[in-house]
1. Quick one: Lys122 ticks every box in (1) under 16 Å from Arg158 (Cβ atoms); (2) at pLDDT below 95; (3) away from the ligand (no atom under 11 Å from the Cβ) except a single one, so which number is it?
2. Hey, does the range 166-174 have a residue that's of a type outside the set (S, T, N, Q) and either within 14 Å of the ligand (Cβ to nearest atom) or under 21 Å from Arg11 (Cα atoms) (or both)?
3. Considering the range 134-143 alone, what residues qualify as being open to solvent by less than 30 Å² (accessible area, probe 1.4 Å) and more than 10 Å from the ligand (Cβ to nearest atom)?
4. Could you check the range 17-39 and list, in sequence order, the residues that are in contact (Cβ under 8 Å) with a residue 60 or more places away in the chain, over 13 Å from Tyr150 (Cα atoms) and of a type in the set (A, V, I, L, M, F, W, C)?
5. Taking the residues in the range 144-156 that are more than 11 Å from the ligand (Cβ to nearest atom) and not in a helix (DSSP H, G or I) as candidates, determine which candidate is farthest from Thr98 (Cα to Cα).
6. Identify, by number, the condition in (1) on the phi > 0 side of the Ramachandran plot; (2) at pLDDT 95 or above that Gln302 doesn't meet.
7. Within the range 113-133, can you find the residues that are in a helix (DSSP H, G or I), out of contact with any Phe, Trp or Tyr (no Cβ under 9 Å at 6 or more places or on another chain) and not hydrophobic (A, V, I, L, M, F, W, C)?
8. Can you find a residue that is modelled with pLDDT of 95 or more and within 30 Å of Asn172 (Cα to Cα) anywhere in the range 52-66?
Amino acid sequence: MTKPVILTGVRANNELTLGNYFGAIKPIVEMAKERADEYQVNMFIPDLHSFTTPIDHSVLQQQIVQNARLFVAAGLPLDNDNILLYRQSYVPAHSELTWILDCFTGVGEMGRMIEYKDKSAKIGDDRVSVGLFNYPILMAADILLYDAEYVPVGDDQRQHLEYTRHIAERMNSQFGDIFTAPLPVEKQQEFFGKGQALRIMDLQSPSKKMSKSDDTGKGVVFLTDDPTVAAKKVMSATTDDKASVNYDPAEQPGISNLLQILALLRAEPLDQVELEFKGQSSYGDFKRVIADEVAAFLTEFQANLEAVDDNKLLAVFDRSETIANEQANATLLRVQQAVGLRPKAD
Ligand code: TRP
């Protein structure tokens with residue numbers, strides 16, 4: 001019997017931050033370790049998605065491998081047969097199914113996608129690619145090819161998951177049971193827990209999320225930052241003039257963010273960390289503690305990253321891609337038969 005599938009994709013062309021680490025990488029690795037017995041966990045690098053908006057193609061190949069290394073450095077086991085780690089473009093069925101789904105999807109339906117509207121508004125019409133427009137359809141193919149029912153998605157991907165369910169149901173009602181639809185977002189959140197809601201904020205502007213798109217980079221700790229540089233970023237984090245450490249995101253967003261970061265780094269409950277520093281008046285001393293922890297974390301993480309065995313990683317890609325191709329091609333054939341591209345089996 002095949003196991004139920006959990007599937008998640010992580011983009012290849014991000015310069016990843018401490019926020020990505022605690023908000024995405026670490027929870028995914030922990031989830032994979034916990035579930036990859038009862039479930040098949042598909043983790044893939046959506047390399048075809050990575051240039052829906054312009055990128056520097058001369059570094060893409062290196063970024064694809066680097067992204068996988070980050071997961072390994074964060075503790076992803078490479079010797080678990082129930083975890084597949086593959087590159088999307090090495091499984092050509094993703095592109096083929098996308099084309100078929102394209103022809104059953106309305107232009108209006110895609111035009112209503114919020115992420116598309118936001119991104120295209122920023123870029124300006126002539127530079128918006130058809131790929132950006134189409135991207136949720138590729139995402140649906142990513143999921144449907146493996147009959148994946150469990151897909152951990154943040155709120156920004158909610159609409160895309162809903163579209164995946166719609167297109168699966170639409171095709172099933174026209175052609176019979178060819179797809180397994182993923183569970184609705186509410187059920188996903190029940191299954192995965194709401195832990196991911198937690199967010200690390202920008203050190204300079206603690207009311208916004210820490211993200212690589214910050215133009216100066218001063219409020220953002222990158223996983224590749226030199227530890228001493230990162231420590232300096234923490235030391236110059238924005239605070240307030242209350243001279244009292246408290247967890248109060250509304251009134252003291254900077255201090256609260258630092259408490260949150262410390263709790264994550266130490267893997268301690270937030271209220272325990274708050275208790276330890278509550279009322280402390282020297283923000284300098286408080287920041288020093290976090291700066292040191294951040295530097296120590298980066299030192300260790302970067303050493304883990306150095307130690308990743310690329311040959312082993314490539315072997316895992318190979319093994320996973322063989323299995324992924326078998327599974328994806330079986331689904332693709334079902335669809336091809338249903339729409340008349342292949343003779344039906346008797
Ligand atoms: N769209 C996702 C993101 O921006 C990445 C992704 C691509 C994905 N295909 C997927 C996530 C399929 C889950 C399932 O983060």
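The values are calculated or read from the model by the stated rules, or taken from the named source; none is laboratory data. Please read these numbers as outputs of a predicted model, since none were measured by experiment. Cβ sites come from the backbone with ideal geometry, for glycine too, and all protein chains shown count toward neighbours. What goes into the accessible areas is simple: the full protein's heavy atoms, side chains included, and nothing from ligands, DNA or RNA. Shrake-Rupley method; radii C 1.70, N 1.55, O 1.52, S 1.80 Å.
1. (1)
2. From the range 166-174, those of a type outside the set (S, T, N, Q) are 166-171; that's our starting set.
Subset that is either within 14 Å of the ligand (Cβ to nearest atom) or under 21 Å from Arg11 (Cα atoms) (or both): 167-168.
Among the residues of the range 166-174, at least one is of a type outside the set (S, T, N, Q) and either within 14 Å of the ligand (Cβ to nearest atom) or under 21 Å from Arg11 (Cα atoms) (or both), which makes the answer yes.
3. Result: Ile137, single match.
4. Answer for the range 17-39, where residues must be in contact (Cβ under 8 Å) with a residue 60 or more places away in the chain, over 13 Å from Tyr150 (Cα atoms) and of a type in the set (A, V, I, L, M, F, W, C): Leu18, Phe22, Ala24.
5. Here the residue is Glu149.
6. Gln302 satisfies all of (1) on the phi > 0 side of the Ramachandran plot; (2) at pLDDT 95 or above except (1).
7. Lys117, Asp118, Lys119, Lys122, Asp125, Asp126, Arg127, listed by residue number.
8. no
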